[in-house]
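A quick write-up on the structure given underneath.
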Amino acid sequence: MTFLAVAGGFAAAVAVVGILIGPFFWWACGGDIRRCRDWRTVRGQAGPVTVAAPVLLRIGVLALVLFPGAFGLYHLVDGAGYDSWLYGD
């Protein structure tokens with residue numbers, strides 16, 4: 001039960017960070033967005049941001065989808081009766 005609560009909280013935090021920082025990096029790149037496979041073409045000190053922008057945004061959206069599931073499972077297990085198979089040991 002604790003694991004589900006921690007996983008849900010972590011997913012929520014990752015979603016917030018990814019969804020807030022990803023678009024900012026995307027805007028800062030000025031349209032020069034690259035895929036992860038284009039990592040070899042990155043030059044300069046600010047180049048990794050061109051790869052990090054879509055990665056952060058995708059991870060943020062994925063975490064945004066996953067955290068309600070983890071919290072939902074947490075509440076389902078928390079509300080299970082003592083003699084239920086969901087209760088565990």
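Tabulated data
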read-out: Pick from the stretch 1-19, criterion touching a Gly at 6+ places or on another chain (Cβ under 8 Å) and surrounded by fewer than 16 Cβ atoms within 10 Å (Cβ to Cβ), ranking: farthest from residue 71 (Cα to Cα); value: 17
read-out: Residue that is among the aromatic types (Phe, Trp, Tyr) and modelled with pLDDT under 85, where the choices are 10, 3; value: 3
read-out: Residue tally, condition under 15 Å from the mean Cα position of the chain (by Cα) and closer than 10 Å to residue 53 by Cβ, over the stretch 1-35; value: 3
read-out: Residue match in the stretch 77-87 (condition: crowded, with 17+ Cβ neighbours inside 10 Å, on the phi < 0 side of the Ramachandran plot and either β-branched (Val, Ile, Thr) or modelled with pLDDT of 85 or more (or both)); value: no
read-out: Residues of the stretch 20-32 that turn out to be over 30 Å from residue 72 (Cβ atoms) and either in contact (Cβ under 8 Å) with a residue 60 or more places away in the chain or buried (at least 16 other Cβ atoms within 10 Å of the Cβ) (or both), as a count; value: 3
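So that you can scan it fast, the table gives a plain yes or no per residue for (1) in a loop (DSSP other than H, G, I, E, B); (2) under 12 Å from the mean Cα position of the chain (by Cα); (3) over 16 Å from residue 15 (Cβ atoms); (4) among the aliphatic types (A, V, I, L, M):
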residue	(1), (2), (3), (4)
49	no, no, yes, yes
64	no, yes, no, yes
73	no, no, yes, yes
82	yes, no, yes, no
85	yes, no, yes, no
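The values are calculated or read from the model by the stated rules, or taken from the named source; none is laboratory data. This structure is a prediction, so every number in the text was calculated from the model and none was measured. Cβ atoms come from the backbone with ideal geometry, glycine included; neighbour counts cover every protein chain shown.
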